[in-house]
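Right, one structure below, let's go through it.
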Amino acid sequence: MMQAPSPQHRLYTPDHIDREIIRLTQQGLPLVREPYAAIAAQLNISTSQVIERLQAMTDCGIIRRSGIVPNHYKLGFTANGMSVWNIPDAHINEIGMMVGALEFVSHCYQRPRFLPEWPYNLFAMVHGRSKEEVRDKVTVIAGMLGENNCGHSVLFSTRILKKTGLRIV
Amino acid sequence: MHPVHSQQQLYRLLNDFQHDFPLSPTPYADMAAKLGMSETELLEWLKALQDEGSISRIGAVFRPNRIGASTLAAMAVPETRLQTVADLISSYPSVNHNYKREHHFNLWFVVTAENETRLESILRDMEQRSGLRVLSLPMEKDYHIDLGFPLQLAGNPHA
């Protein structure tokens, strides 16, 4: 069974060296034979220290994953639909895990409702090559939820106004 | 001259290496060995893919709200003011995603700050400068185990 991270993990505070490593790598690792050594040299620490700290941040969940970050748009996934769902609070965990496990869902978060204008408490980002493909996938989710779906909507992005790599430090 | 790689190699590269990037002193050499090519060849290929935009970057994807604080924010902006307000929001360095979406709430963006207090003050500043309400919908729980984006959905015949 998937384990959603507990809120306590949010309290983890990396030290200043961790933050420097994040700052130097958040726009991407350098394309050189020894990328961690290149970062280590800038921080005046050893390569193994950089690797150990990245490992520690991965183990505690600060780093979600490491690898190639493809550009979905360039690869033909030009439609992205933010599907939003009103799920009974009593069932949000089981439903969240079920939707989050779908391979066509790239992000699945519980967020607060904002009544009365915003009744939706579950967000699932659905990607596709066309709006129709995204809509079909949203229909699949709706079918899975049955009566636990108290209303949903899908918001298509019509324009990307800004998209930069995450800057967290 | 950049060697020609097959579609199959491209899918394998993009699909299989979105997670578990090696934490060894020579990660690209490890990756190249798995792909059956030389380290130099792989580095040149990755550079070319980055230059043409197929790859955004290589590295860590951070989980929101573990370092600092972040939220997904939404605004319902009158159509006539949309561009002005969108530009205002994009001008904040703490905004890293800003999308126009088809809905009454038509502007959606992610705000990140070093802590909750700073985040709140940025949101208040946005409301003050735009004269519009900002809905703040921070993540309460993450239900997705992120293994990257499965590219076989793109109709990869080899998947």
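The values are calculated or read from the model by the stated rules, or taken from the named source; none is laboratory data. Predicted, not measured: the structure shown is a model, and the values here were computed from it. Reconstructed Cβ throughout: ideal geometry from the backbone, glycine too, with neighbour counts over all protein chains shown. Keep in mind that these areas ignore ligands, DNA and RNA; they rest on the heavy atoms of the full protein, side chains included. Shrake-Rupley method; radii C 1.70, N 1.55, O 1.52, S 1.80 Å.
Rounded to the nearest 10 degrees, the angle from helix B:39-52 to the longest Cα principal axis of chain B is 40 degrees.
Were the residues from residue B:51 through residue B:104 laid out at 0.36 nm apart, the gain over their Cα-Cα distance would be 15.4 nm.
In the context of the full set of protein chains, residues of the protein assembly as shown present 46 Å² of accessible surface per residue (probe radius 1.4 Å, heavy atoms only). Springs between alpha-carbon atoms under 10 Å, Gaussian network over chain A: tell me which of A:101, A:124, A:41 tops the mean-square fluctuations. In the Gaussian network model the winner is A:41.
Note on residue B:83 and residue A:129: with the Förster distance fixed at 22 Å, the Cβ-Cβ geometry gives a FRET efficiency of about 0.20.
Percent of accessible area on the protein assembly as shown owned by carbon and sulfur, 1.4 Å probe?
Details: 7900 of 14970 Å².
Exposed carbon and sulfur together represent 53 percent of the surface.
Take residue A:23: with every protein chain present and a 1.4 Å probe, its accessible area is about 110 Å². A simple spin-label model places the labels of residue A:31 and residue A:114 4.0 nm from each other, with each point 7 Å out along Cα-to-Cβ.
How would you classify the stretch A:15-59 from its alpha-carbon gyration tensor, with a ≥ b ≥ c the square roots of the eigenvalues: rounded for a/c under 1.5, else prolate if a/b is greater than b/c, otherwise oblate?
Rounded, because the longest to shortest axis ratio a/c is under 1.5.
Computed on chain B, with alpha-carbon pairs under 8 angstrom and 6+ residues apart, the relative contact order is 25 percent.
Please say if the stretch B:7-60 is rounded, prolate or oblate, where rounded means a/c under 1.5 for a ≥ b ≥ c the square roots of the C-alpha gyration tensor eigenvalues, and otherwise the choice is prolate for a/b larger than b/c and oblate otherwise? Here the stretch B:7-60 falls in the rounded category.
With the whole protein complex present, residue A:64 retains an accessible surface near 30 Å², based on a 1.4 Å probe.
To the nearest 20 debye, what charge dipole does chain B have about its Cα centre, counting +1 at the Cβ of each Lys and Arg and -1 at the Cβ of each Asp and Glu? Let's see the in-between values first.
Values: 14 positive and 19 negative charges, 82 e Å.
With Lys and Arg at +1 and Asp and Glu at -1, about 400 debye.
Interface burial in the stretch B:107-136, defined as at least 10 Å² less accessible area with all protein chains than with the chain alone at a 1.4 Å probe, covers B:108, B:112, B:114, B:133, B:135, B:136. Across the cross-link table entries A:137/B:47; A:131/B:141; A:131/A:162; A:163/B:100; A:137/B:100, which are compared at the Cα atoms, the separations over 23 Å belong to A:137/B:47; A:131/B:141. Considering only alpha-carbon pairs that sit under 8 angstrom and 6 or more positions apart, the relative contact order computed for chain A is 24 percent. Mean projected area of the Cα convex hull of the stretch A:41-169, taken over all directions, amounts to 10.8 nm². Of the residues B:31, B:37, the one with the largest accessible area comes first in the ranking B:37, B:31, computed with a 1.4 Å probe on protein heavy atoms.
At a probe radius of 1.4 Å, figure out the B/A buried accessible area, summed over both chains, and give it in Å² to the nearest 100.
Working: alone 11080 and 12040 Å², together 14970 Å².
Buried area (both sides, nearest 100 Å²): 8100 Å².
Placing pseudo-labels 7 Å out from each Cα toward the beta carbon at residue A:86 and residue A:156 gives an inter-label distance of 2.4 nm.
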